[in-house]
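Down below is the structure, laid out as structure tokens.
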Amino acid sequence: MASGGDGGDRRQHPKDLRHLLKFCIEQTISEDAPGSSGVQEMTQERRQWLSEAFSSMTRDPIEDMKKCIRILIEDSDSSEELKQNALESLTDMCESIDLAQDFHKIGGYALLPHILQDQQQDIRWRAGEFMANLFQNNPYCQKAALETNLIPLLIDVIDNDPNEDPRVKALYAISCLTRGFPDAQKAFTTSDGFSVLMRAMESNIQRLKTKAAFLLRDFCIQELSNKDILCDMGMVEQLVGMLREEHSSFHEHLMGALLSVVTDHQRATQECARPEFELREILTERIAYLEGKEEFMEERHYAQDLLKICFTPENQEQIER
């Protein structure tokens with residue numbers, strides 16, 4: 001340990017980032033050339049690399065976000081590649097919860113409707129991904145999105161965008177916006193959100209179908225009253241009807257969604273047990289069909305659980321009355 005007074009270690013500790021960088025350079029050069037005295041002159045290549053590294057360390061991310069926004073919303077002559085790069089940069093920066101909040105504080109949410117409706121699908125799907133990134137695990141940004149009334153815009157993309165990727169990413173953004181945020185869940189359901197999910201599950205886009213089934217399941221797990229809404233809408237019958245279609249990997253997610261609806265909800269279980277739905281026969285046949293198929297083991301378990309929950313003696317008695 002260095003002692004005080006004239007005999008101690010006279011080296012000064014770096015005072016700030018600039019002095020720290022200089023200190024590191026000196027130490028690196030000293031280590032690279034043992035036995036040499038003093039600081040050796042750097043090569044031009046090394047000087048340029050260090051200058052760029054230092055510049056990136058001291059850059060103002062708020063100013064960077066503003067530049068990206070200008071490229072996306074103000075500069076009509078910007079190339080598509082430049083716009084995509086700007087949107088990717090915003091997405092990367094807003095991985096930080098603090099910077100995601102700053103994006104709203106500088107007025108960035110005015111950009112979101114613009115990029116969701118861009119002519120280029122590569123911008124539209126990146127817009128959905130960016131919004132999901134903003135909202136995920138960020139209550140401040142979730143609340144800001146709700147106040148900005150973004151849910152109807154995202155629903156429109158899910159229902160009507162002509163391309164697959166923007167629809168999938170918009171549904172992903174809805175999932176991140178509503179997760180753990182009851183106000184957004186209510187806003188989604190009052191915007192006929194369950195019908196949106198049903199239409200997504202009836203589409204021919206596998207990723208969209210799967211995400212919709214997952215989101216429906218989450219809504220039922222997070223809020224019991226959502227199951228009453230589904231029963232009122234006749235969605236139990238629709239879900240059972242989809243199980244009649246030719247078997248596919250999507251049926252695992254469909255079974256999981258239906259199981260979440262009926263769990264701890266007598267009305268839904270009684271709906272499923274109605275003889276005209278023939279769910280008992282569908283489940284019995286499916287369990288037999290999937291026996292020994294390891295890749296469908298989860299779906300088989302769901303079917304077995306549905307059979308146990310929906311076709312209890314109590315349910316049968318209630319239906320026969």
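The values are calculated or read from the model by the stated rules, or taken from the named source; none is laboratory data. Quick caveat: nothing in here was measured; it's all calculated off a predicted structure. We place every Cβ from the backbone using ideal geometry, glycine too, and count neighbours over all the protein chains shown. Heavy atoms of the whole protein, side chains included, go into the accessibility calculation; ligands, DNA and RNA do not. Shrake-Rupley method; radii C 1.70, N 1.55, O 1.52, S 1.80 Å.
Six or more apart or on different chains, Cβ atoms under 8 Å: show the pairs whose first residue is in the range 218-244 and within 18 Å of Leu306 (Cβ to Cβ) and open to solvent by less than 70 Å² (accessible area, probe 1.4 Å) and whose second is in a helix (DSSP H, G or I) and among the basic types (Lys, Arg).
What qualifies is Cys220/Lys227; Lys227/Arg267; Cys231/Arg267; Leu243/Arg286.
Can you name the number of the only condition in (1) touching a Ser or Thr at 6+ places or on another chain (Cβ under 7 Å); (2) at pLDDT 95 or above that Ala303 fails?
For Ala303, the failing item is (1).
Working only within the range 79-99, note down all residues that are in contact with a Lys or Arg (Cβ under 9 Å, 6 or more places away or on another chain) and modelled with pLDDT under 90.
none
Which of (1) under 22 Å from Leu112 (Cα atoms); (2) part of a helix (DSSP H, G or I) is the odd one out, the single condition Ala213 does not satisfy?
Only one criterion in (1) under 22 Å from Leu112 (Cα atoms); (2) part of a helix (DSSP H, G or I) is unmet by Ala213, namely (1).
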